[in-house]
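In what follows, a structure is listed as structure tokens, so that the remarks can point back to it.
The values are calculated or read from the model by the stated rules, or taken from the named source; none is laboratory data. It should be emphasised that the depicted structure is a prediction, and the values quoted were computed from it without experimental measurement. Ideal geometry is used to build each Cβ from the backbone, glycine not excepted, and the neighbour counts take in all protein chains shown.
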Amino acid sequence: MSRENGLLSIGEISKLTGASLRSLRYYEKLNLLKPAHIDPDSGYRYYSFDQAYHVEIIMFCIELDIPLKELTQFTSADDMMNFRAFLTHGKEIAEQKLKKIRQGLALIRDLEQKMDLSEQYNPEEIYERDFPQKHFYIKPCGTSLRDLDLLELFVSFADIGDVDGSAEYGFLCEHSGDNTSYFAYMEVPKRMANKTIPAGKYACRQSEKAQIEQACELFKEHLTGSFLAIETEIFTGRHKINKPFNELRVITLDS
């Protein structure tokens, strides 16, 4: 360690912080880090021990994907840096990223639970599940079911930004007498819903194929009169990338 004025050489500050020599020179070029002393004869750069913390803060900002040029707004022409504003900015970015990480972990846990549940049943077999009341926003599909209808729902609610990342989506069928209507749906907060789905015991069936249009035939022994059918993608531990499994659910609406 250099003992000149109690300072560290650029190589020593590099070893202490893990920042490469090239990075340290780049920080200096951006006026984010200035050597405490530059030898006028050799041009060697020396740093104070306290500047190691400064380097680590810059490196942390890099890990947060904050562009270094964005940090230059906190430095002035006389080499003064507004550290409070600098740290406040970094903290805000860190908190935003932490929120996203927590949301991502919550989504992973939710998907794991859904996988555990779906893997209790065999494909093509009919089983019963209890579902709570749900709130959907539905969009008529006309005479055919199109993924485009689902995409339009995603886009519209993505703009609002108030729908959970694990929200259920798919197609819904209402059958009464000779009338059958199909809708694309997305599960939404109650205040945004235009359709309430009843709680109850649903007959269910998993399949690689979308079969909501065959619901009446597939569940003929479980249905009497008017019924509601819901089909949504489900997550399993292993399935083909281009062919996710679907769960088809039906419930009779009248006795």
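Values for this structure:
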item	result
Pairs with Cβ under 6 Å, 6+ apart, first in the stretch 29-58 and not assigned by TED's automatic domain parsing to the domain that holds Leu8, second part of a helix (DSSP H, G or I) and surrounded by fewer than 19 Cβ atoms within 10 Å (Cβ to Cβ)	none
Conditions (1) surrounded by 16 or more Cβ atoms within 10 Å (Cβ to Cβ); (2) within 22 Å of Ile93 (Cβ to Cβ): number failed by Tyr46	(2)
Meets criteria (modelled with pLDDT of 85 or more, in contact with a helix residue (DSSP H, G or I) (Cβ under 7 Å, 6 or more places away or on another chain) and buried (at least 16 other Cβ atoms within 10 Å of the Cβ)) for Phe171	yes
In the stretch 135-156, the residues that are modelled with pLDDT of 85 or more and exposed (fewer than 12 other Cβ atoms within 10 Å of the Cβ)	Pro140
Every pair of residues 6+ apart whose Cβ atoms lie under 7 Å, when the first sits in the stretch 95-109 and is among the charged types (D, E, K, R) while the second is at pLDDT below 90	Lys97/Leu64
Any hit, the stretch 123-134, residues being closer than 16 Å to Ile197 by Cβ, modelled with pLDDT of 85 or more and in contact with a helix residue (DSSP H, G or I) (Cβ under 7 Å, 6 or more places away or on another chain)	no
Within the stretch 1-60, tally of residues that are on the phi > 0 side of the Ramachandran plot and β-branched (Val, Ile, Thr)	0
Some residue of the stretch 14-37 being closer than 26 Å to Glu70 by Cβ and among the β-branched types (Val, Ile, Thr)	yes
Among (1) over 30 Å from Ala167 (Cα atoms); (2) assigned to a helix (DSSP H, G or I), the one test that Leu117 misses	(1)
Residues of the stretch 68-90 satisfying the condition of being under 21 Å from Ala19 (Cβ atoms) and either in a helix (DSSP H, G or I) or modelled with pLDDT of 80 or more (or both)	Leu68, Lys69, Glu70, Leu71, Thr72, Phe74, Phe83, Phe86, Leu87, His89, Gly90
Hits in the stretch 175-233 (condition: farther than 19 Å from Ile138 by Cα and under 25 Å from the mean Cα position of the chain (by Cα))	none
Candidate set: the stretch 95-107, residues that are modelled with pLDDT of 85 or more and of a type in the set (A, V, I, L, M, F, W, C); chosen: the one nearest to Glu12 (Cα to Cα)	Leu98
Residue, farthest from the chain's Cα centre (by Cα), within the stretch 1-60, restricted to residues that are within 16 Å of Phe74 (Cβ to Cβ) and not in a helix (DSSP H, G or I)	Lys34
